[in-house]
Ligand SMILES: Nc1ncnc2c1ncn2[C@@H]1O[C@H](COP(=O)(O)OP(=O)(O)OP(=O)(O)O)[C@@H](O)[C@H]1O
Ligand SMILES: [Mg+2]
C-alpha cells in the first residue's frame, strides 16, 4: 500500500503515548486499541496525525483543510460523552467529503439502537430474542408473550455496562428492580428480552458490498459452571477472568452446516442494518442448535490480540493486513457525496 496521510480520530483522554514503556497494565488497557492501531499505521510507513477530541468539531475541520488526509481512522466511540454520537462524527466527515474507516452513519445509527435493530431483524425473519422496551419513568408492565427467565440491559449502551449475572431475572419483582437499576446506572431505556441459555458466539464481518465473515469465535469459562454471560467483570476484570478461567477462541465442534448457517445469518444482519467497513455480531446458540442474534457491533474493538483481530489472524489476515483492509474499504466506500 502506498504511504498515506492518516488522520486518527481518538478520544482526548485516550491519546496514546509513543511507547508502552513505563506504563502499568491498567494504564495500557485504557488506550491499548488506540496505541495498537496508531503504532501499526506508523510501522507500515503511513504519516499519522493523531487528533484527540471530546466536544469540539473545529479541530477536525482544521486538520482536514490543512492536510487533506487520504483517510480518517475512526477510533472515537463517543462525543460529549454520548455513545450514540459516533454517527454524528462520521456524518460530519461525510459533509467534509472526508473518507474514513469503519461504519457509515446510517449503519451506526441502526445498530446502536438494540430495539430498532431487533425490529429490522424481525422484518427479515432473522431470529433474535423476543423483547420489550421499558422506557425511563414508565411503569414496568410485562407483556404476556415475554416469559421468564428474562435478560435486562440498556437499549443503547455497550461494553456490558450494567450487565452482571443479576441481569437474568425470574419473576416480576426482580424484573421491576432490574429495570430500575438499568435506568439508574445507564440513564437509558431498558431492553428486556428472553434469556437465551446456551453458548456465546462472536462473528466478525468485513466489507462494504462483498462481505467476508471471519472464523466463529466463542467465549467459555474453564473453571466455572455459571451461565456463560459476557458481564462487565468478565470483559474487564483481570482477577475475575482468572478466577473463572475466562477464555475466547475458535468455536469448537460446530458442524460444517451450522458454521455455514451462522455465516449466512451474519451477512444478512450486516446488510439488513446497512453496515459498512467492519462489525462483530454477538450470537447465542441454544443446545438444540437454534441460533439467535443478540446484536451487531459496528466498529468493534480493534486491539491487537482481541477477538476481532485474533479471528482475522486465524483466517490468515495479519494485524497489518487487517488495518490495511479497513483503510481500503474506507477509501472505496461509496458515500453519497461521491455519486
Ligand atoms: N437475551 C440474552 N440472553 C442471554 N444472554 C444475553 C442476552 N442478552 C445479552 N446477553 C449476555 O450479555 C452480554 C452483553 O450483551 P450485549 O452484547 O447486548 O451488550 P453490550 O453491552 O452491547 O456488549 P458489547 O458492546 O460489549 O458487545 C452478551 O454478550 C451475552 O453474554
Ligand atoms: Mg455485545
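Derivation of every value follows stated rules applied to the coordinates shown; laboratory data play no part. The structure displayed is predicted, hence computed values, not measured ones. Glycine gets a Cβ as well: all are built from the backbone with ideal geometry, and neighbour counts include every protein chain shown.
What do the square roots of 5 times the Cα gyration tensor eigenvalues come to for region 130-194, in whole Å, largest first, as semi-axes of the equivalent ellipsoid?
Details: eigenvalues 53, 32, 22 Å².
After diagonalising the Cα gyration tensor, the semi-axes are 16, 13, 10 Å.
How many percent of the alpha carbon pairs in region 197-336 exceed a separation of 26 Å? Please list the in-between numbers first.
On the way: 2397 of 9730 pairs.
Everything past 26 Å amounts to 25 percent.
With the cut-off at 1.5 for a/c, could you classify the chain from its C-alpha gyration tensor as rounded, prolate or oblate? Please list the in-between numbers first.
Details: a/c = 1.57, a/b = 1.48, b/c = 1.06.
It comes out prolate by the Cα gyration axes.
So, R0 is 56 Å and r is the distance between the beta-carbons of residue 1 and residue 141; what FRET efficiency does that work out to, to 0.05? Don't skip to the answer; put the middle values down first.
Details: r = 56 Å, r/R0 = 1.00.
The pair residue 1/residue 141 has a calculated efficiency of 0.50.
Given R₀ = 22 Å, what would the calculated FRET efficiency be for residue 261 paired with residue 119, taking r from the Cβ atoms and rounding to 0.05? Walk me through the numbers before you get to the answer.
Numbers: r = 23 Å, r/R0 = 1.03.
Once rounded, the FRET efficiency stands at 0.45.
Of the peptides 157-163, 246-252, how do they stack up when ordered by the mean number of other Cβ atoms within 10 Å, highest first? Show your work: numbers first, answer last.
On the way: 157-163: 18.0, 246-252: 15.3.
Ranking the peptides 157-163, 246-252 by packing returns 157-163, 246-252.
Taking a ≥ b ≥ c as the square roots of the Cα gyration tensor eigenvalues, with a/c under 1.5 meaning rounded and otherwise prolate when a/b beats b/c, else oblate, which class fits region 33-82?
Values: a/c = 2.94, a/b = 1.27, b/c = 2.31.
The shape class here is oblate.
Could you work out how much longer the chain between residue 334 and residue 320 gets when fully extended? Use 0.36 nm per residue separation minus the Cα distance between them, nm to one decimal. All intermediate terms of the calculation are to be shown ahead of the outcome.
On the way: separation 14, 0.36 × 14 = 5.04 nm, distance 2.36 nm.
Taking residue 334 through residue 320 to full extension adds about 2.7 nm, to one decimal.
Expressed as cubic angstrom per residue, what is the convex hull volume of the alpha carbon set of region 1-151? The partial results should precede the final answer.
Values: hull volume 27.7 nm³, N = 151.
Residue-normalised Cα hull volume stands at 183 Å³.
Go ahead and estimate [θ] at 222 nm for the chain from helices alone: -39,500 (n - 2.57) per DSSP H run with n ≥ 4, summed, over the residue count, rounded to 500.
On the way: 11 runs with 123 residues, N = 339.
Helix contribution divided over all residues of the chain: -11000 deg cm²/dmol.
I need to check one value: relative contact order of region 130-194, counting alpha carbon pairs closer than 8 Å and at least 6 residues apart, in percent. It would help to have the intermediate numbers written out before the result.
Working: 111 pairs, mean separation 32.9, N = 65.
Answer for region 130-194 is 51 percent.
Rounded to the nearest Å, what's the spacing between the alpha carbon centres of region 320-339 and region 13-51? Just the number, please.
What the calculation gives is 22 Å, centre to centre.
Which order do the peptides 131-138, 19-26 come out in when sorted by mean C-beta neighbours inside 10 angstrom, highest first?
On the way: 131-138: 15.0, 19-26: 9.4.
Top of the packing list down: 131-138, 19-26.
For region 64-127 and region 256-291, write down the distance between their C-alpha centroids in whole Å.
Value for the Cα centre distance between the two parts: 21 Å.
Please check: in the Gaussian network model of the chain (C-alpha springs, under 10 Å), which one of 97, 210, 232 has the largest mean-square fluctuation.
210
Using Cα pairs closer than 8 Å and at least 6 residues apart in sequence, work out the relative contact order for the chain, in percent.
Numbers: 626 pairs, mean separation 64.2, N = 339.
The normalised contact order for the chain reaches 19 percent.
Need one number: nm distance between label points at residue 161 and residue 78, each 7 Å from Cα along Cα→Cβ, rounded to one decimal.
The two pseudo-label positions are separated by 0.5 nm.
For region 197-336, calculate the relative contact order in percent as a whole number, restricting contacts to Cα pairs under 8 Å that are 6 or more residues apart. Walk me through the intermediate numbers first.
Working: 219 pairs, mean separation 41.2, N = 140.
For region 197-336, the relative contact order is 29 percent.
Rounded, prolate or oblate: which fits region 157-259, taking a ≥ b ≥ c as square roots of the Cα gyration tensor eigenvalues, rounded meaning a/c under 1.5, else prolate when a/b beats b/c? Before the final figure, lay out each step's value.
Values: a/c = 1.91, a/b = 1.46, b/c = 1.30.
Cα axes put region 157-259 in the prolate bin.
At a 10 Å Cβ-Cβ cut-off, how would you order 31, 220, fewest neighbours first?
220, 31
Once label points are set 7 Å from the Cα along Cα→Cβ at both residue 95 and residue 172, what is their separation, rounded to one decimal in nm?
4.8 nm
What share of Cα pairs, in percent, lie more than 20 angstrom apart in region 1-77?
Working: 942 of 2926 pairs.
Tail fraction, whole percent: 32.
What is the fewest-to-most order of 238, 142, 178 by other Cβ atoms lying within 10 Å of their Cβ?
Values: 238 12, 142 17, 178 24.
Least to most surrounded, the residues fall as 238, 142, 178.
Just subtract the alpha-carbon distance of residue 58 and residue 44 from 0.36 nm times their residue separation and send over the number in nm, one decimal.
On the way: separation 14, 0.36 × 14 = 5.04 nm, distance 2.86 nm.
Result: 2.2 nm gained on full extension.
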